[in-house]
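Structure first, then comments.
The values are calculated or read from the model by the stated rules, or taken from the named source; none is laboratory data. Here the structure is a predicted model, which means the values were calculated and not measured. Note that we place each Cβ from the backbone using ideal geometry, even for glycine, and neighbour counts take in every protein chain shown. Ligands, DNA and RNA are stripped out before the accessible areas are found, and what is left, the full protein with its side chains, is counted by its heavy atoms. Shrake-Rupley method; radii C 1.70, N 1.55, O 1.52, S 1.80 Å.
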Amino acid sequence: MKADVLRDKYLQFFKSKGHKVAESDSLVPKDDPTVLFTPAGMNQFKKQFLGIITDFTRATSSQRCLRTDDLDKVGKTDCHHTFFEMLGNFSFGDYFKKEAIAWAWEFLTMELRISPDKLWVSVYKDDDEAYDIWKNDIKFPEQKIVRLGDHENFWPADAKEKGPNGPCGPCSEIFIDLGPSAGCKKPDCSPACSCGRFIEIWNLVFTQFNRKEGGILEPLPQKNIDTGMGLERITAVMQGVTNNFETDLFQPLIREIVSSADIKQSHNQADLNAVADHVRAAVFSIFDGILPSNEARGYVVRKIIRKAILHLRSLGNKKPFLYRLVPVLARIMEKPYPELTARRENIAEIILSEEKNFIATLDSSDAVLKEKYAGFSKASDPEESGRVAFRLYDTHGIPLDLTRDWLADRGIPFSQESFDRELEKQKERSKSQSTMQGDVFSMKETHLKDVAATGFIGYDSFTGKATIVKIISGGRDVSQILPGDEAKIVLDATPFYAESGGQVGDTGVIKTPEAVFEVVDTQKFEKVFLHIGRVREGTIRTGDSAEVSVDRERRLSIARNHTATHLLQAALRKVLGNHVQQQGSWVGADRLRFDFTHFSGIKDRELDRVEELVNGYVIADLPVSKREMTLQEAREQGALAFFAEKYEDKVRVVSVEGVSKEFCGGTHLDRTGSIGLFKILNESSVASGVRRIEAATGSAAYRLMKEEQEAVRSVSRALRAPADKIAVEIEKRLKIIKDLEKQLSNQRLQAVSAGIDQIIAKAAVIKGVKVIMERLQGADMDILRRAADLIRQKEQKVFIALGSGEEGKACLIAATDVASIDAGAIIKQVSAEIGGSGGGRKDFAQAGGTRPEKIEAAFEKMKSLLKEAIA
């Protein structure tokens, strides 16, 4: 049975049991700061588990997940992965143990036709209820039901003893028995044994307690079900293999590596498996907008890509190859993720760039190691050497074996224990970030869970009548607020747009018969709108009737920018290509910001063409339509969706006739002509493969153009040249300035040259080496370099240090012809004295800084270093 069939079969089975089929959430957990990545199927249903959202009480999903706590095991075992899909069925205060167990049994034995003889189950040691259901209702053999303890069969593991506080409960696991010939082969082997004979395929979690301080378990008023079955693992079972990497989810990738990559004939299967796993993790991370970087999620993605590259090098492939697996993966995952095919080229480009950069780092690792170990010697601290080796491994990806060999060749001591300690700390950080924490069920927002959804009337009106439903001030519910009080007001209906989808919240006024409340922002929690502001006059009470009005001009400015953002994306796709995808946006009253996928800088003529196209759409005064339709209908019509948003079954589609069609819940104009004018302000890079355009519309764009016009006039007057001749005049004057600077530099060099003999005469001698240190007034880095060359023409067996500085800028150079002295290492160690950094070769190095007053101190430190360095 193919994985695609298995996935569909699971979802359809639970749909027949009254479950809502939920789309997989992003790998970036929304509104959940407790994890870096989505680690399990239950994360997207946090608010349902808390009873905040009650639209449905049963759900099922195939959730894409990412965990990195077992990264080093991936490829070496049959079943460890970074990226995987978790099949799950969930109940939010609806059914409980009896149904969860019965349906799991029915699905496995009736739908998948797995022989009951191959199955074993475990229950929590004190969970007699689950035990009885398996024994009496399912008629499962008693000798194949195993009772396990807090670590194995309670969720979270060891929560009773160690916490965290919050919802928890026992669980029941279902295992496949590989037979007595597998594992330890002992006659009494059971799922309690870790020999590998019994493979866990499904975990049924019964969330029935709330853990409180001291390990006290209180029954929850709403008991929930949270189950998880790894698609990769059950696919292996159904395809008759014991290793997940032998399934149709991985084999096309592995075959492509073997047939196309430049690998050794005697390759290691573990390396092949790891590459296949890691490319899945990298591709789906980028698919969900997580781009490789040196921070947070991006750092993890970069690390996974680098791990894959190192595995490829172990296989013998030293050229970029990982990117070539992207289209293969897109074909494997085409059924559940058809959007991946459209984005495969952009994703492949991002991975290729990472490959090129990291391969270049590996190829130049000798230079990196020299830089990071500058100043280390045979007498250096091995503990610090180990810590540096870990940083090289962790940040630059340089393999430990390579670093260790390099250190051994130079006799620099190294502590493996120090490296291992740092690695263990990093693993703990990674584990805590990529697995679910107890406080994922934080109750901080539940005071709004019983408040009805706010009716939004703002698409059609700027004003309306409403009733004040709730007032929150000082973090608590209050019945009234007085002049000057800051508060959040909930209305039964509102024309105020709450910040979402990149569009800022509305401002305006709420008036009751007795009072005025100034709204400075509008936010929302789920479907409850929060009007944030201050009482300007009078007393406002819950239950008051109110007249509410949005700041009309500000709203219209926001609408201009939002409609223009849609036109901008359409123009970018037309000029740059259909690979352009929104990666984020911000729409305010005075300007807009749009982030999008594109791998290279945008040329001026391309930007001009984009701006010209958008203004063409504006001049055409095209109609802007807004329609609600089903999610499926919107997709069939080709509406563009933002990757980071999770859409409901009913969606709003905003269309500009013949130009643009996008999923969007924001406020828009009725015609493009109302934008008036569109002006690009700036274009820049915000991450690898992501560009940003900032722009303005309407009167804001007009003001900016007038300011630019006035600036041009001012320059024109100053240069006494017409506007169309400004560039020529500036080039002419820059040439004059450059010639004068050259003359001045030559004069300064002549002055230095005249005093070279005097500088040499001041030399000190340290262990037979002439040491010349001098501060030269008014010299730049070029003059310092040329002065050092003049000295070296006259002297041998010499060390030269020259410095200069003024007004917060310091320059420092070191030069030598003595083999035992490393000018680069010395400069690196003294550059901090002048508030900067530097480096260079053994015979010449330089540094720049911000503390010219410390140049003499740097000279003194150089002298002490020279005494150690001169053989």
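At-a-glance table
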item	result
Some residue of region 350-362 being in contact with a helix residue (DSSP H, G or I) (Cβ under 8 Å, 6 or more places away or on another chain) and closer than 17 Å to Q581 by Cβ	yes
Residue within region 69-92 that is under 23 Å from the mean Cα position of the chain (by Cα), within 23 Å of C168 (Cβ to Cβ), touching a residue at least 40 places away in the same chain (Cβ under 8 Å) and surrounded by fewer than 21 Cβ atoms within 10 Å (Cβ to Cβ) present	yes
When residues of region 374-417 are limited to those that are hydrophobic (A, V, I, L, M, F, W, C) and loosely packed, with under 12 Cβ neighbours inside 10 Å, the one farthest from T361 (Cα to Cα)	A379
Candidate set from region 793-844 (those that are farther than 16 Å from F859 by Cβ and of a type in the set (K, R)); member that is farthest from the chain's Cα centre (by Cα)	K794
Residue check for K762: within 55 Å of the chain's Cα centre (by Cα) and either more than 30 Å from V818 (Cβ to Cβ) or open to solvent by 100 Å² or more (accessible area, probe 1.4 Å) (or both)	no
Candidates F799, F859 - the one that is aromatic (F, W, Y), open to solvent by 10 Å² or more (accessible area, probe 1.4 Å) and either within 14 Å of K770 (Cα to Cα) or in contact (Cβ under 8 Å) with a residue 60 or more places away in the chain (or both)	F859
Selection from region 694-710 of residues that are open to solvent by less than 20 Å² (accessible area, probe 1.4 Å), more than 30 Å from the chain's Cα centre (by Cα) and not polar (S, T, N, Q)	G698, A700, A701
Failed item in (1) free of Cβ contacts under 8 Å to residues at least 12 places away in the same chain; (2) in a helix (DSSP H, G or I); (3) in contact with a helix residue (DSSP H, G or I) (Cβ under 7 Å, 6 or more places away or on another chain), with I726 passing the rest	(1)
Residues satisfying the stated conditions in region 232-268, i.e. of a type in the set (S, T, N, Q), farther than 12 Å from V328 by Cβ and touching a residue at least 40 places away in the same chain (Cβ under 8 Å)	T235, Q239, T242, N243, N244, T247, N268
Residue, farthest from the chain's Cα centre (by Cα), within region 862-871, restricted to residues that are crowded, with 16+ Cβ neighbours inside 10 Å and within 12 Å of V830 (Cβ to Cβ)	L866
Filter pass, R733 being open to solvent by 50 Å² or more (accessible area, probe 1.4 Å), over 30 Å from L613 (Cβ atoms) and at pLDDT 90 or above	yes
Verdict on I821 being open to solvent by less than 60 Å² (accessible area, probe 1.4 Å), in contact (Cβ under 8 Å) with a residue 40 or more places away in the chain, within 27 Å of K372 (Cα to Cα) and assigned to a helix (DSSP H, G or I)	no
Close pairs from region 763-776: first under 16 Å from K794 (Cα atoms), partner of a type in the set (F, W, Y) and buried (at least 20 other Cβ atoms within 10 Å of the Cβ), Cβ under 7 Å, at least 6 apart	V769/F799; V771/F799
The one condition in (1) assigned to a loop (DSSP other than H, G, I, E, B); (2) modelled with pLDDT of 95 or more that C171 fails to fulfil	(1)
For E111: the one exception among (1) of a type in the set (D, E, K, R); (2) closer than 19 Å to I201 by Cβ; (3) out of contact with any Lys or Arg (no Cβ under 8 Å at 6 or more places or on another chain)	(3)
Checklist (1) hydrophobic (A, V, I, L, M, F, W, C); (2) in contact with a strand residue (DSSP E or B) (Cβ under 6 Å, 6 or more places away or on another chain); (3) open to solvent by less than 20 Å² (accessible area, probe 1.4 Å); (4) over 17 Å from N244 (Cβ atoms) applied to F56, failing item	(3)
In region 272-303, the residues that are among the aliphatic types (A, V, I, L, M), part of a helix (DSSP H, G or I) and more than 22 Å from E246 (Cβ to Cβ)	I286, A296, V300, V301
Any strands (runs of 3 or more DSSP E) falling wholly within region 537-618 and containing at least 3 residues that are open to solvent by 20 Å² or more (accessible area, probe 1.4 Å), at pLDDT below 95 and more than 14 Å from V659 (Cα to Cα)	582-587
Whichever residue in region 292-328 is among the hydroxyl-bearing types (S, T, Y) and touching a helix residue (DSSP H, G or I) at 6+ places or on another chain (Cβ under 7 Å) and, among such residues, is nearest to S365 (Cα to Cα)	S314
Candidate set: region 143-168, residues that are assigned to a helix (DSSP H, G or I), charged (D, E, K, R) and at pLDDT below 95; chosen: the one least open to solvent (accessible area, probe 1.4 Å)	D150
Residue that is surrounded by 14 or more Cβ atoms within 10 Å (Cβ to Cβ), at pLDDT 95 or above and either in a strand (DSSP E or B) or acidic (D, E) (or both), where the choices are T227, T235	T227
Strands (runs of 3 or more DSSP E) fully within region 444-521 counting 2 or more residues that are within 37 Å of the chain's Cα centre (by Cα) and under 14 Å from R536 (Cα atoms)	486-491
Qualifying residue in region 765-783 (condition: assigned to a helix (DSSP H, G or I) and touching a helix residue (DSSP H, G or I) at 6+ places or on another chain (Cβ under 9 Å))	yes
Members of region 313-343 found to be over 25 Å from Q581 (Cα atoms) and assigned to a helix (DSSP H, G or I), listed by number	R313, S314
Selected residue (only one of R671, R713, R652, R691 is of a type in the set (D, E, K, R), in contact with a His (Cβ under 8 Å, 6 or more places away or on another chain) and surrounded by 11 or more Cβ atoms within 10 Å (Cβ to Cβ))	R691
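Residue-wise test of (1) among the polar types (S, T, N, Q); (2) open to solvent by 40 Å² or more (accessible area, probe 1.4 Å); (3) farther than 17 Å from A3 by Cβ; (4) at pLDDT 95 or above.
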{"position": "H267", "(1), (2), (3), (4)": "no, yes, yes, no"}
{"position": "N273", "(1), (2), (3), (4)": "yes, no, no, yes"}
{"position": "L291", "(1), (2), (3), (4)": "no, no, yes, no"}
{"position": "G298", "(1), (2), (3), (4)": "no, no, yes, no"}
{"position": "L325", "(1), (2), (3), (4)": "no, no, yes, yes"}
{"position": "V328", "(1), (2), (3), (4)": "no, no, no, yes"}
{"position": "E334", "(1), (2), (3), (4)": "no, yes, no, yes"}
